[in-house]
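Notes follow once the structure below has been shown.
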Amino acid sequence: MALLLFNLLKTQGDYVSVKINGEEKYRYSLSENVDTVIYTGENNNQENRLIIENNQAYIISADCPDKICVGHRPVSNVNESIVCLPHKVVVEIVSDEAENAPDVVV
């Protein structure tokens, strides 16, 4: 029952927010097709390749040692994220409504 309720409360996101070291560096519409490389590291020598298509975002390749981000399923709903800890990259799905909503409901 709880799983059913959880799935009903999922909300399709509007944007893909890419944060590096906790700071948003890029924002892409989830409705656009994007194929881009996110460069990180002191000399921009670390890479994560981000794909956005069919209203989903995923990391298709990365040069980090564990590649957990590459194995993550595509994300499309608000508050879903893909994290690459070695590169300090967070790809998070956000929406206009979620950003304007209060943090706590009493």
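The values are calculated or read from the model by the stated rules, or taken from the named source; none is laboratory data. Since this is a predicted model, take the numbers as computed values, not measurements. Heads up, the Cβs are rebuilt from the backbone with ideal geometry, glycines too, and the neighbour counts pull from every protein chain shown. These accessible areas exclude ligands, DNA and RNA; they are computed on the full protein's heavy atoms, side chains included. Shrake-Rupley method; radii C 1.70, N 1.55, O 1.52, S 1.80 Å.
Below is a table of values for the structure above.
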read-out: Spans of strands (runs of 3 or more DSSP E) in region 16-78 with at least 1 residues touching a Phe, Trp or Tyr at 6+ places or on another chain (Cβ under 9 Å) and farther than 15 Å from V90 by Cα; value: 23-29, 34-40
read-out: Residue list for region 20-45, restricted to those being surrounded by 13 or more Cβ atoms within 10 Å (Cβ to Cβ) and touching a Leu at 6+ places or on another chain (Cβ under 9 Å); value: Y26, Y28, V34, T36, I38
read-out: Test result for K10, open to solvent by 50 Å² or more (accessible area, probe 1.4 Å), of a type in the set (K, R) and modelled with pLDDT under 95; value: yes
read-out: Filtered residue count, region 67-81, keeping only those that are open to solvent by less than 80 Å² (accessible area, probe 1.4 Å) and under 18 Å from I20 (Cβ atoms); value: 5
read-out: Failed item, numbered, when N48 is tested on (1) polar (S, T, N, Q); (2) open to solvent by 50 Å² or more (accessible area, probe 1.4 Å); (3) over 25 Å from D96 (Cα atoms); value: (2)
